[in-house]
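Trainee: Questions regarding the structure given below will be posed in turn.
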Amino acid sequence: MHDVFARLDAYGERYRLERALVPDDDWIACSRLLDPGSPELARVLEAERHASGQVSEHATALTVIAVYASRVTTAALLAWALEGVLVDVRPSNVALRLSEHHGFEAVGLREPSVVEGPVETLVSWVLDEHLLPLADALHTRTRAGVRQLHGGIAYGCAAAFCSASLRGGDADLLEAAYHRFMAAAGGGLDRLGRMVRLREGGREGLFYLRDTCCLYYTSAEKTLCASCCLDTREDRIANYQKVLSGLVA
């Protein structure tokens, strides 16, 4: 089991899960974030609003869901894609620590476990029991649009496969796993963006083109995300090919 987590760690911070959680070490239980009236959800929103300088509650919520989906549950998607196993990322088993900066400082598991199971179980743990209820809570609390919140989820799930493809992961395997996961997910998430496979200078990778906006350009940084639908498809692909050629991070 520990070898699986070590291999996930090797793919970078996005996939790192802490496994020895110290009680009361400022961990926030992810299960508490599914309650739209909880003080824990208020803390997460306030931390991101302060870190990114967002000016509205709904824009902050859209930023939070995109960051959350691209960090908190991504390790489970990669473990399934590469090793065919399931990591328990149901909200009752996951906790996070806030950061002074955009995003989260750490994500951890209360009881690390790796089991075998079908893709339908992965969909249940990642989407039905975790990310989709979080989107509902954010919608209730901030009135952020459901389609935009779901777009952040779709982006975050795609990021699990895209980022790994740029860090040595098998692009064929990851691309096929992404489409299999999306087919099992249903609910129209596959219509909120599309995966593209690009090659440049001897390198190739998977990239995501969003059809929804997280409004991060309204933050203090005033910048568009690389996948932002406010840029044309051609401009986004050109920027992604610069990533492959090493001209931009």
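Trainee: Can you tell me which residue within region 177-197, out of those that are touching a Cys at 6+ places or on another chain (Cβ under 9 Å) and assigned to a strand (DSSP E or B), is surrounded by the fewest Cβ atoms within 10 Å (Cβ to Cβ)? Write out each step before concluding.
Mentor: Filtering region 177-197 for residues touching a Cys at 6+ places or on another chain (Cβ under 9 Å) gives 178, 181-182, 185, 189, 193, 195.
Of the ones still in play, those that are also assigned to a strand (DSSP E or B) are 193, 195.
Values: Gly193: 20, Met195: 18.
Among those residues, the one meeting the criterion is Met195.
Trainee: Test Gly145 against the criterion of being within 20 Å of Arg14 (Cα to Cα) and either under 14 Å from the mean Cα position of the chain (by Cα) or open to solvent by less than 50 Å² (accessible area, probe 1.4 Å) (or both), and give yes or no.
Mentor: Details: within 20 Å of Arg14 (Cα to Cα): no; either under 14 Å from the mean Cα position of the chain (by Cα) or open to solvent by less than 50 Å² (accessible area, probe 1.4 Å) (or both): yes.
Spelling it out, it is not the case that Gly145 is within 20 Å of Arg14 (Cα to Cα) and either under 14 Å from the mean Cα position of the chain (by Cα) or open to solvent by less than 50 Å² (accessible area, probe 1.4 Å) (or both).
Okay, residues lined up against (1) aliphatic (A, V, I, L, M); (2) in contact (Cβ under 8 Å) with a residue 40 or more places away in the chain; (3) over 19 Å from Glu13 (Cα atoms); (4) surrounded by 14 or more Cβ atoms within 10 Å (Cβ to Cβ):
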{"site": "Asp24", "(1), (2), (3), (4)": "no, no, yes, no"}
{"site": "Arg32", "(1), (2), (3), (4)": "no, no, yes, yes"}
{"site": "Val44", "(1), (2), (3), (4)": "yes, yes, yes, yes"}
{"site": "Tyr68", "(1), (2), (3), (4)": "no, yes, no, yes"}
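Trainee: Another question, if that's okay. Failed condition for Ala76, given (1) touching a residue at least 24 places away in the same chain (Cβ under 8 Å); (2) closer than 26 Å to Asp24 by Cα; (3) open to solvent by 10 Å² or more (accessible area, probe 1.4 Å), with all others met?
Mentor: Among (1) touching a residue at least 24 places away in the same chain (Cβ under 8 Å); (2) closer than 26 Å to Asp24 by Cα; (3) open to solvent by 10 Å² or more (accessible area, probe 1.4 Å), Ala76 violates only (3).
Trainee: Out of the residues in region 198-245 meeting the condition of being among the small types (Gly, Ala, Ser), without any contact (Cβ under 8 Å) to a residue 40 or more places away in the chain and part of a loop (DSSP other than H, G, I, E, B), tell me which one is surrounded by the fewest Cβ atoms within 10 Å (Cβ to Cβ). Give the derivation first.
Mentor: Pass one, region 198-245, residues among the small types (Gly, Ala, Ser): 201-202, 205, 219-220, 226-227, 238, 245.
Keeping just the survivors that are without any contact (Cβ under 8 Å) to a residue 40 or more places away in the chain gives 202, 226, 238.
Then drop every residue that is not part of a loop (DSSP other than H, G, I, E, B), which leaves 202, 226.
Details: Gly202: 7, Ala226: 17.
Per the criteria, the residue is Gly202.
Trainee: Against the definition (more than 16 Å from the chain's Cα centre (by Cα) and under 27 Å from Thr218 (Cβ atoms)), how does Ala61 come out, yes or no? Give the steps one after another, and end with the answer.
Mentor: Numbers: more than 16 Å from the chain's Cα centre (by Cα): no; under 27 Å from Thr218 (Cβ atoms): yes.
Considered against the rule, which asks whether it is more than 16 Å from the chain's Cα centre (by Cα) and under 27 Å from Thr218 (Cβ atoms), Ala61 comes out as no.
Trainee: Of all residues in region 109-132, which are within 16 Å of Ala95 (Cα to Cα) and open to solvent by less than 40 Å² (accessible area, probe 1.4 Å)?
Mentor: From region 109-132, those within 16 Å of Ala95 (Cα to Cα) are 109-113, 125-126, 129-131; that's our starting set.
The answer is Leu109, Pro112, Ser113, Trp125, Val126, His130, Leu131.
Trainee: What pairs come up if the first residue lies in region 47-63 and is without any contact (Cβ under 8 Å) to a residue 40 or more places away in the chain, the second is hydroxyl-bearing (Ser, Thr, Tyr) and part of a helix (DSSP H, G or I), and their beta carbons are under 8 Å apart, counting only those six or more places apart or on different chains?
Mentor: Arg49/Thr60
The values are calculated or read from the model by the stated rules, or taken from the named source; none is laboratory data. Note that this is a predicted model, so its numbers are computed, not measured. With ideal geometry, Cβ positions are generated from the backbone for all residues, glycine too; neighbour counts draw on all protein chains shown. These area figures cover heavy atoms from the full protein model, side chains too; ligands, DNA and RNA do not enter into them. Shrake-Rupley method; radii C 1.70, N 1.55, O 1.52, S 1.80 Å.
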